[in-house]
Amino acid sequence: MAATSETRAIFVTGLKNAHAMEKQALSIMKPQVSRIENYPEVAARLEWHIRETEGQIARLEDVLESLAEGHSSLKDVALSLTGSMAAIGHAVTGDEIIKNSLANFAFENFEIAAYKSLITIAEHGGFPGLVPVLRHNLDEEIAMARWLDDNLESVTMKFASLKEAGLSAKV
């Protein structure tokens, strides 16, 4: 199917939203990783995913540029602000690492859904050449969601053990 102007507009809007979503992800993860003290495996995985996310942003910018489009600075700022507010909100709770783990898992699954939607419009809307780039981003999000899922039990148990021992369970 060839891209109609409406399909193109839907696709471009989705790409701009994905760009802003990835900026939001950075605004969530960077404060988290800077506060982690007792969970080095979480810090290392977040640092890895921050680098992946920066690559995802660059790839999205390349895709937008290939379509003679730019990202939406307003969306980027608005979503980054909400991400920062979420990170601040979790920082004042007694179980910050647990709240962050749950929120990160939910956000990764939101990103997965967003990329699946973009891939669908790319495949069926006339942009099949852009699918590999979007699939690369999707694969990284799936890997991060899987890691969070696989590690939720151990993070929760470590948090509980530290609290029960009267030690700081600080992120």
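The values are calculated or read from the model by the stated rules, or taken from the named source; none is laboratory data. Only a predicted model underlies this, so the values are computations on that prediction, with no experimental measurement involved. Positions of Cβ are backbone-derived with ideal geometry, glycine not excepted, and every protein chain shown enters the neighbour counts.
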- How many of the residues making up the range 93-146 are within 21 Å of residue 39 (Cβ to Cβ), surrounded by 19 or more Cβ atoms within 10 Å (Cβ to Cβ) and not charged (D, E, K, R)? 7
- Query: Can you tell which of 42, 12 is hydrophobic (A, V, I, L, M, F, W, C), surrounded by 20 or more Cβ atoms within 10 Å (Cβ to Cβ) and in contact (Cβ under 8 Å) with a residue 40 or more places away in the chain?
  - Reply: 42
- Looking at (1) farther than 19 Å from residue 147 by Cα; (2) among the charged types (D, E, K, R); (3) at pLDDT below 95, which is the only condition residue 30 fails? (1)
- Item | Cross-chain or 6+ apart pairs with Cβ under 8 Å, the range 96-111 first and free of Cβ contacts under 8 Å to residues at least 40 places away in the same chain and more than 24 Å from residue 136 (Cα to Cα), then crowded, with 18+ Cβ neighbours inside 10 Å and not β-branched (Val, Ile, Thr) | 99/90
- Task: State the number of residues belonging to the range 106-122 that are over 25 Å from residue 4 (Cα atoms) and touching a helix residue (DSSP H, G or I) at 6+ places or on another chain (Cβ under 8 Å).
- Result: 6
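Here is a yes/no grid of residues against (1) basic (Lys, Arg); (2) within 25 Å of residue 12 (Cα to Cα); (3) free of Cβ contacts under 8 Å to residues at least 24 places away in the same chain:
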residue	(1), (2), (3)
126	no, yes, no
134	no, yes, no
142	no, yes, no
146	yes, no, yes
151	no, no, no
158	yes, no, no
161	no, no, yes
166	no, no, yes
- Query: Taking the condition modelled with pLDDT under 95 and polar (S, T, N, Q), does residue 154 pass?
  - Reply: no
- Item | Residue in the range 18-54 that is farthest from residue 155 (Cα to Cα), counting only those that are more than 12 Å from the chain's Cα centre (by Cα) and of a type in the set (S, T, N, Q) | 34
